[in-house]
Amino acid sequence: MNESFSPRTPQQALAALLDHHAPARLLQVGASEIPAVQAFQQAHPDCRLARTPADRLPLDIAAQRFDLAVVADCLEHLPKRSGLELLGGIRNLNASRIAVLADLQACGWQETDFYGLALQASERFRRDDQVLHLFTYDLRDYKQTPDWLNARFWANPENFGKYWW
């Protein structure tokens with residue numbers, strides 16, 4: 001990640017993500033309302049939004065799949081283990097894309113904690129003494145398919161008996 005700070009505000013960055021992905025089903029996790037999510041929902045009334053506080057997902061929400069999950073004002077209110085379980089569960093079961101906005105100093109996390117969950121550092125924002133980090137995850141960009149992983153390298157019967165490894 002570039003060590004400089006973004007010229008945008010966190011809300012502008014979230015709004016850009018929402019506009020880019022245009023989710024039909026959106027999950028918001030956090031203790032407070034997110035203005036970018038509210039504006040997106042007003043502009044896209046057909047978007048199905050599910051909101052939950054900074055805690056474990058309720059069973060009705062945990063059983064659903066979302067196009068994008070936005071987590072903000074959340075990790076600062078949870079023990080680290082609960083936060084890891086929450087983000088890992090959302091990533092594995094509930095959403096193909098995640099955007100996490102967090103104050104690392106307030107929540108006691110390190111950037112490497114997010115890397116361990118396969119999230120990428122996208123932007124950093126500064127307001128007075130507070131620094132917010134935006135981490136993102138997109139299943140489609142998580143791992144590039146290696147060149148060798150294709151059908152032409154699978155089971156080459158013409159080579160049976162010719163080579164010994």
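The values are calculated or read from the model by the stated rules, or taken from the named source; none is laboratory data. Because the structure is predicted, anything quoted here is derived from the model rather than measured. All Cβ positions, glycine included, derive from the backbone under ideal geometry; neighbour counts span all protein chains shown. SASA here: full protein model, heavy atoms, side chains in, ligands and nucleic acids out. Shrake-Rupley method; radii C 1.70, N 1.55, O 1.52, S 1.80 Å.
Summary of values
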| quantity | calculated |
| --- | --- |
| Qualifying position, being surrounded by 12 or more Cβ atoms within 10 Å (Cβ to Cβ) and modelled with pLDDT under 85, among 142, 115 | 142 |
| Unmet requirement for residue 105, which otherwise passes all of (1) surrounded by fewer than 17 Cβ atoms within 10 Å (Cβ to Cβ); (2) polar (S, T, N, Q); (3) modelled with pLDDT of 95 or more | (3) |
| From the options 57, 68, 87, residue that is surrounded by 13 or more Cβ atoms within 10 Å (Cβ to Cβ), of a type outside the set (D, E, K, R) and touching a Phe, Trp or Tyr at 6+ places or on another chain (Cβ under 9 Å) | 87 |
| The one condition in (1) closer than 22 Å to residue 78 by Cα; (2) open to solvent by less than 30 Å² (accessible area, probe 1.4 Å); (3) not acidic (Asp, Glu) that residue 32 fails to fulfil | (2) |
| Some residue of segment 2-17 being farther than 17 Å from residue 133 by Cβ, open to solvent by 50 Å² or more (accessible area, probe 1.4 Å) and touching a Phe, Trp or Tyr at 6+ places or on another chain (Cβ under 8 Å) | no |
| Residue that is within 12 Å of the chain's Cα centre (by Cα) and either outside any helix (DSSP H, G or I) or closer than 23 Å to residue 20 by Cα (or both), where the choices are 118, 54, 50, 39 | 118 |
| Hits in segment 71-84 (condition: open to solvent by 40 Å² or more (accessible area, probe 1.4 Å) and assigned to a helix (DSSP H, G or I)) | 76, 77, 80, 81, 82, 84 |
| Near pairs, Cβ below 9 angstrom, 6+ apart or cross-chain, from segment 78-103 (within 22 Å of residue 23 (Cα to Cα)) to any residue that is acidic (Asp, Glu) and assigned to a strand (DSSP E or B) | 96/138; 97/138; 98/138 |
| Positions within segment 118-133 being closer than 29 Å to residue 25 by Cβ and either open to solvent by less than 60 Å² (accessible area, probe 1.4 Å) or touching a His at 6+ places or on another chain (Cβ under 6 Å) (or both), in sequence order | 118, 119, 121, 122, 123, 124, 125, 132, 133 |
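Listed here are the residues, each with its yes/no results for (1) of a type in the set (Gly, Ala, Ser); (2) in contact (Cβ under 8 Å) with a residue 12 or more places away in the chain; (3) more than 21 Å from residue 111 (Cα to Cα).
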position: 9; (1), (2), (3): no, yes, no
position: 25; (1), (2), (3): no, yes, yes
position: 49; (1), (2), (3): no, yes, yes
position: 60; (1), (2), (3): no, no, yes
